[in-house]
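Have a look at the structure below, then the notes.
The values are calculated or read from the model by the stated rules, or taken from the named source; none is laboratory data. Here the structure is a predicted model, which is why all the values come from computation and not from measurement. For neighbour counting, all protein chains shown are included, and Cβ atoms are generated from backbone atoms with ideal geometry for every residue, glycine included.
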Amino acid sequence: MICSRDAGTLKQAAADIERATGGHVETASADLSQHAEVVRVAKDAVARLGRLDVRVNNAGAIKGGDFLATPDEEWLNGWSLKLLGYIRMAREVLPHMQRQGGGRIINVVGAAARNPAVTCMMGGTANAALINFTKALSDLGAGHRRLTGAREDGALGQPDGAAGEGGGPGCGELRKRT
């Protein structure tokens, strides 16, 4: 099952995957920055698929910008999707994985977690927190056939200049400008 806030992008991605694999792709349109939407998508996935073997958290990039000019609301909005969205989804799917005897949670984490940039403090702090969270979650699942890991987005072929959340420039693009 794949999920996106943008129904058009979601439909196109599902069609591309189905064409490439010959399989069927379940979809869910939702804003995972909203707790109720996370709960709905997790329950819907279990209902439609019967079990959850792999969860990949790959929320959009948090937009970068000027530290002194970025209001708290923008920080909270970015963290709500990237940081809290991952945490909330893990909290929803982990009990299902425990009941079925195992599963995998993969958190895609931006390179700004380990490479601080003055233009990407909001995303960098969220990604650094996600590395800490992912390690702790992995320790929690040790011995229960649950593996949790983090991958930096570049390792999965995502361009470093990918657009930031809300359509603003991503951290990679902002790094090129400075």
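Quick rundown of the values:
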read-out: In segment 96-125, the residues that are of a type in the set (Lys, Arg) and crowded, with 16+ Cβ neighbours inside 10 Å; value: 104
read-out: Failed item, numbered, when residue 56 is tested on (1) surrounded by fewer than 16 Cβ atoms within 10 Å (Cβ to Cβ); (2) in contact with a strand residue (DSSP E or B) (Cβ under 7 Å, 6 or more places away or on another chain); (3) part of a loop (DSSP other than H, G, I, E, B); value: (3)
read-out: Failed criterion for residue 33 (all others in (1) among the hydroxyl-bearing types (Ser, Thr, Tyr); (2) under 20 Å from residue 4 (Cα atoms); (3) over 16 Å from the mean Cα position of the chain (by Cα) hold); value: (3)
read-out: Complete set of residues in segment 87-124 that are farther than 9 Å from residue 55 by Cβ, among the small types (Gly, Ala, Ser) and in a helix (DSSP H, G or I); value: 111, 112, 113, 123, 124
read-out: Condition check for residue 111: in contact (Cβ under 8 Å) with a residue 24 or more places away in the chain, in contact with a Gly (Cβ under 7 Å, 6 or more places away or on another chain), more than 22 Å from residue 38 (Cβ to Cβ) and of a type in the set (Gly, Ala, Ser); value: yes
read-out: Residue under evaluation residue 123, criteria (1) touching a strand residue (DSSP E or B) at 6+ places or on another chain (Cβ under 9 Å); (2) free of Cβ contacts under 8 Å to residues at least 40 places away in the same chain, criterion not met; value: (2)
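Matching residues to (1) modelled with pLDDT of 95 or more; (2) touching a helix residue (DSSP H, G or I) at 6+ places or on another chain (Cβ under 8 Å); (3) within 15 Å of residue 123 (Cα to Cα); (4) buried (at least 20 other Cβ atoms within 10 Å of the Cβ):
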{"position": "44", "(1), (2), (3), (4)": "yes, no, no, no"}
{"position": "48", "(1), (2), (3), (4)": "yes, no, no, no"}
{"position": "60", "(1), (2), (3), (4)": "no, yes, yes, yes"}
{"position": "64", "(1), (2), (3), (4)": "no, yes, yes, yes"}
{"position": "72", "(1), (2), (3), (4)": "yes, no, yes, no"}
{"position": "81", "(1), (2), (3), (4)": "no, yes, yes, yes"}
{"position": "87", "(1), (2), (3), (4)": "yes, yes, no, no"}
{"position": "94", "(1), (2), (3), (4)": "no, yes, no, yes"}
